[in-house]
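Where a number appears in this text, it was derived from the coordinates with a stated rule and is not lab data. Here the structure is a predicted model, which means the values were calculated and not measured. With ideal geometry, Cβ positions are generated from the backbone for all residues, glycine too; neighbour counts draw on all protein chains shown.
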Amino acid sequence: MGHLSSGIVVTCRHKRSQLRNKQIALRELRDRLEALNRPTRRRISTAVPGRVRAMTSKQRKRRSVKKQRNTILRKKPKPRE
């Protein structure tokens, strides 16, 4: 069973009865056409709250200081000649 203008084709072989299979296929075709005609919802973009941005900025600064401190401690002193 198919819909000419949209090109959707549906078949059904679940039951032994031809009539029952046609009814199921027709229902499936209706569902697909409704889904095709239903408008898609647009995503509402949300901004990151100011508190969260401040907290991540603070964490980055802490991590940066920590890494700088570790690299200073790990540096080997140059041998004196």
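Numbers for the structure displayed
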item	result
Value of Rg to Rh for the chain (Rh from inverse mean 1/r over Cα pairs, i.e. Kirkwood)	1.65
Helix axis angle, 18-37 relative to the chain longest principal axis, alpha carbon, degrees	40
Estimated vicinal HN-Hα couplings, Hz - segment 67-75 in sequence order (Karplus 6.51, -1.76, 1.60; Gly, Pro = x)	5, 5, 5, 5, 5, 5, 5, 7, 5
Highest average packing first - 12-21, 66-75, 26-35, Cβ atoms within 10 Å	26-35, 12-21, 66-75
The chain: relative contact order as a whole-number percent, Cα under 8 Å and 6+ apart	17
